[in-house]
Amino acid sequence: MQLISTITELRSRLVNERAVVFVPTMGNLHEGHLNLVKMAREHGGCVVASIFVNPLQFGPSEDFDKYPRTLEADCARLQGLADVVFAPPVDEIYPAKQTVFVELPPAANELCGAARPGHFRGMATVVLKLFNIVRPQVAVFGKKDYQQLHIIRQLVAQLNLPVRIVGGETVRAADGLALSSRNQYLNATERGEAIFLYQMLQGIRQAVLQGERDFERLQNQAVETLATRGWVVDYVAVRNQSDLQPVNPVRGDPAQRELVILAAARLGNTRLLDNIEVCLVQ
Ligand code: PAF
């Protein structure tokens, strides 16, 4: 495995590779990331993992400064899984103030976009830059960031980028908590409570599978329950998988058979994110 920090060196390393499979990350790798890299391996070709904490996707009061940077440990974890680790410094990706951005549709201002203004614009801009730098045939992203994955699929489709996007399942701790680098911000009490987010999603999924179609009621109940347990809720939403738009049960078109229940909420200073897919049978 080779650790590379400049675009020039990366390009010369990859110039003779027939196929490149890419896993972009912000580092502080856990089993969820490693699972994506293992999926990348299955595609054959040279596996490149990037580690870059992208300042453009953090708001002014967010955790850019405290986001855990653990390059040495990350490289050790990637040994034998990735062929190349691309870990550029900030000024390699942004040698000058970035003034060109990807403009996203209004849906990017909903759900996480509503709570984190500008986040997806910064994310999409760096992903496009990384795609241009790495030029992969395939790129793997986690389903845990469901809206991010959706936006990247749109980016690729609408800007005709020659890369195939693959989504990897969320990896969970034994008690069900979705793995995330931000879980380490939780104190012991918060960590105990954190699993409730997934339990709540499972409860909604169960209700939907049992025939409940008043999604608004389910959403409102969940928000209320979370709030009484001390969570500060950004959203709980039942959406179509295909476009992440609200579900209209009356329309009953095939897309509405594949739903996803998404939630984001804060426990103390930690913002947790999770989702669960649900497929309705006729
Ligand atoms: O999901 C992440 O870790 C980041 O948003 C990504 C895709 C690496 C872009 O910075």
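Miscellaneous remarks
- Candidates Gln154, Gln158, Gln148: the one that is without any contact (Cβ under 8 Å) to a residue 40 or more places away in the chain and in contact with a helix residue (DSSP H, G or I) (Cβ under 9 Å, 6 or more places away or on another chain) is Gln148.
- When we screen Arg153, Arg121 for residues that are modelled with pLDDT of 95 or more and closer than 18 Å to Gln241 by Cβ, the only hit is Arg153.
- A Cβ distance below 7 Å, combined with a sequence gap of six or more or placement on separate chains, defines the contacts here; from region 53-64, residues that are touching a residue at least 60 places away in the same chain (Cβ under 8 Å) and on the phi < 0 side of the Ramachandran plot reach residues that are among the small types (Gly, Ala, Ser) and within 11 Å of the ligand (Cβ to nearest atom) in the pairs Asn54/Gly122; Leu56/Gly122; Gln57/Gly122.
- Among the numbered conditions (1) among the small types (Gly, Ala, Ser); (2) within 14 Å of the ligand (Cβ to nearest atom); (3) at positive phi, the only one that Gly80 does not meet is (2).
- Positions within region 122-139 being surrounded by 19 or more Cβ atoms within 10 Å (Cβ to Cβ) and in a helix (DSSP H, G or I), in sequence order: Gly122, Met123, Ala124, Thr125, Val126, Val127, Lys129, Leu130, Phe131, Ile133, Val134
- Answer from Thr99, Thr8 - the residue that is under 18 Å from Val134 (Cβ atoms), away from the ligand (no atom under 16 Å from the Cβ), open to solvent by 10 Å² or more (accessible area, probe 1.4 Å) and modelled with pLDDT of 95 or more: Thr8
- Filter result for Ala124 (farther than 24 Å from Ala73 by Cα, without any contact (Cβ under 8 Å) to a residue 60 or more places away in the chain and within 13 Å of the ligand (Cβ to nearest atom)): yes
- Selected residue (only one of Arg77, Arg69, Arg41 is open to solvent by 20 Å² or more (accessible area, probe 1.4 Å) and over 23 Å from Val166 (Cβ atoms)): Arg69
- Put simply, of Val20, Val15, Val53, Val48 the only residue that is surrounded by 14 or more Cβ atoms within 10 Å (Cβ to Cβ), away from the ligand (no atom under 13 Å from the Cβ) and of a type in the set (Val, Ile, Thr) is Val20.
- The residue pairs whose first member lies in region 183-207 and is at negative phi, whose second member is basic (Lys, Arg) and outside any helix (DSSP H, G or I), and whose beta carbons are closer than 6 Å, counting only pairs six or more residues apart or on different chains, do not exist in this structure.
- Pairs linking a residue in region 93-105 that is in a loop (DSSP other than H, G, I, E, B) to a residue that is among the charged types (D, E, K, R), with Cβ atoms under 9 Å and 6 or more positions apart or on different chains, are Tyr94/Lys129; Gln98/Lys129; Phe101/Arg121; Val102/Arg121; Glu103/Arg121; Leu104/Arg121.
- Selection of region 127-150 for residues being closer than 14 Å to His33 by Cα and touching a Lys or Arg at 6+ places or on another chain (Cβ under 8 Å) yields only Ala139.
- Members of region 189-212 that are outside any loop (DSSP other than H, G, I, E, B) and among the polar types (S, T, N, Q): Thr189, Gln199, Gln202, Gln206
- Failed condition for Ile93, given (1) within 18 Å of the chain's Cα centre (by Cα); (2) within 11 Å of the ligand (Cβ to nearest atom): (1)
- Restricting region 140-188 to residues that are within 12 Å of the ligand (Cβ to nearest atom), of a type in the set (Val, Ile, Thr) and part of a strand (DSSP E or B), the residue that is least open to solvent (accessible area, probe 1.4 Å): Val140
The values are calculated or read from the model by the stated rules, or taken from the named source; none is laboratory data. On a predicted model such as this, the values are computed, not experimentally measured, just so you know. Cβ coordinates were reconstructed from backbone atoms using ideal geometry, including for glycine residues, and neighbour counts include every protein chain displayed. Heavy atoms of the whole protein, side chains included, go into the accessibility calculation; ligands, DNA and RNA do not. Shrake-Rupley method; radii C 1.70, N 1.55, O 1.52, S 1.80 Å.
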